[in-house]
Amino acid sequence: MDKHLYCCQNTIQNLHDHIIPVPVDFNVNPTCLSGLDKQDFVDGLKELTDIVKSIYADIILNPAEYGLPLVEDIEYSPFNPKAAESKNSSHRLVSLLHTLVLCGELSGSEIIVNNKKFAEMCKKLKPMFRISNSKMIFKKLCDFGFRYENFVFAYPDNSNVIPALYGYMKNTPLKKETIFSLNYFLATEDMPPHQSNFAEYLSGDEREFYVRLNEFMLRDGYIVSSEGDYHGFSFSVEYLIDSKNKKRILRCYSDFGKLRAHLKLHSSDCYVDYTESLPERIKQMFRKESECRFCTAGCGRQLHRTFEGKAYADCGYWNGFDIVSYDPDDVKYYKQIILLETKAEKTNARRKGTEVAL
């Protein structure tokens, strides 16, 4: 993903890149239909998704026209209120559409909005979803084919769009991060196994890499423990060693539409002969210390290891090693690392200071 100047632009780019095409047919939850038949709902949601994607692209180019705070991304930290507001302002478009639905009644292909209720609900939204400059957003929505007059919200070019919007938003809590990318999975009757959904966000070698690694993790009894969003990244998948040893060993998640994966390794010193024999492209991940996350200096939770004769002190809480190559043929190396780490943890090899081998 190209980096932009302002916090709001980069967050909206993330939402834009996580929008996935609506398939021509999927198992729609009947509660979302709002008077439409299944095919009309799919048609309306598809066009709505395309419109929102176009609007996001326009916001990235012209954030000031939507009233978004322009704070440079380099200034961002959760402790900088102005930068945080700029980042959170990326939610305003979908927050406004969601609130319109909750404060209105569907009448044919239009929503009749209770304006007083809309104003009151806008004030009660959490800071992350709060709507400011709504008039500017309404004006831009009209530029993309919507109509908002006398508290009536409509989309004249396609009579399926507003009922699809109404059914989708009415049945999806605003707290779900994927609602901001209008993920069609939120409108399905029965979500398929979470780890298979994740692959839909990937393509090419990254998709094949994840599919192979996931097949191994499931076949060898690792536990999928996480099915929710992870810090705003859609479809994170977390794997634990097993039901008894509930230590996380792998997490995969989508970062701006690209695969990211972390191995959480506590016992790499127990199989250093193997890690030092790996191809250079994979050894890179062991040449970087994991940064301290929540601990303070001298916390006593650091994990010490040695790699290629150099001593490293990793954060005992985070202890994450970023996978740096996603060639599907490299899955065999990561599988071996995972098996060695599992054996070391199950046999307490790290605590005993012993080596393990398969």
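No lab work stands behind these numbers, since they all come straight from the coordinates. Computed from a predicted structure; not experimentally measured. Every residue, glycine among them, receives a Cβ derived from its backbone with ideal geometry; neighbour counts consider all protein chains shown.
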Rounded FRET efficiency, nearest 0.05, which uses the C-beta distance separating A64 from V24 and R0 of 30 Å: 0.20
Under a plain spin-label model, where a point goes 7 Å from the Cα along Cα-to-Cβ, how far apart in nm are K116 and D327? 6.8
For N158, the net charge from surrounding residues (Cβ-Cβ under 12 Å; K, R +1; D, E -1) works out to -4
Once each part is reduced to its C-alpha centroid, what is the distance from the stretch 327-358 to the stretch 132-152 in angstrom? 57
Gyration tensor (alpha-carbon) shape descriptor, the chain, a/c threshold 1.5: prolate
The residues R350, R219, sorted from fewest to most surrounding Cβ atoms within 10 Å, come out as R219, R350
With a length cut of 30 Å (Cα positions projected on each helix's long axis) and a Kyte-Doolittle mean of at least -1.0, go through the chain and give me the DSSP H helices that pass. 38-61
Rounded, prolate or oblate: which fits the stretch 1-131 when a ≥ b ≥ c are the square roots of the eigenvalues of the alpha-carbon gyration tensor, with rounded for a/c under 1.5 and prolate only if a/b beats b/c? oblate
